[in-house]
Amino acid sequence: MKTTMVRYKTAPEHAEENAALVRAVFEELRSRAPHGIHYASFRMPDGVSFVHVAEHDDPNPLASLPSFQAFQKGIKSRCVELPVVTELSPVGSYAWLGEVQR
């Protein structure tokens, strides 16, 4: 599995629209429950910056979701800082992305 982080900054007038599009992706994920994906999204304290972290198979199951395609379709027009994609190498985690606590 790959671990990817994406960060970007929306224009203030597009922040709520962006958050709604992100929530739609999570709604579709919950309804479809695809395998091969762990996904989280965070809004930073400035209210306009977003960070997404995904652990996913290749190809990424998100890419086939209509809600994710709708989210990606207008991302450039919503952003003042375009998305930056960074591949991450896990070092460790605790109770993160579905890990079971004992």
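If I stretch the segment between residue 85 and residue 2 completely, what's the gain in nm (0.36 nm per residue apart, minus their alpha carbon distance), one decimal?
Full-extension gain reported as 28.7 nm.
Averaging Cα coordinates gives a centre for the range 55-78 and one for the range 15-51; these two points are 10 Å apart.
Please identify every one of the GluC sites (Glu not before Pro) in the range 19-102 that sits in a loop by DSSP and has no more than 16 other beta carbons within 10 Å of its own beta carbon. If you can, show how the numbers build up before the last one.
Values: sites: 27, 28, 55, 81, 87, 99; in loops: 99.
Answer by residue number: 99.
Subtracting the Cα-Cα distance of residue 44 and residue 64 from 0.36 nm times their residue separation leaves 4.5 nm of extension gain. Only one of the listed values, (i) 81; (ii) 114; (iii) 251, was derived from the coordinates as volume of the Cα convex hull per residue in Å³; which label is it? Identified label for the calculated read-out: (ii). Within the range 1-53, none of the chymotrypsin sites (Phe, Trp or Tyr not before Pro) combine a DSSP coil assignment with at most 12 other C-beta atoms in a 10 angstrom radius. Mean residue ellipticity, 222 nm, helices only, the chain: the sum of -39500 (n - 2.57) across DSSP H runs of n ≥ 4, divided by residue count and rounded to 500, is -8500 deg cm²/dmol. Per residue, the average separation of C-alpha pairs within less than 8 Å and at least 6 apart gives the range 2-88 a relative contact order of 51 percent. Counting 0.36 nm for each residue step from residue 13 to residue 57 and taking away their Cα separation leaves a gain of 12.5 nm. Bridging of residue 76 to aspartates and glutamates at a Cα separation below 16 Å is possible for 13, 16, 17, once same-chain residues fewer than 8 apart are set aside.
Values in this text are rule-based calculations from the coordinates and carry no lab data. Predicted model, so just to flag it, every value in this text is computed and none were measured. Neighbour counts are summed over all protein chains in view; Cβ atoms, including those assigned to glycine, are modelled from backbone coordinates with ideal geometry.
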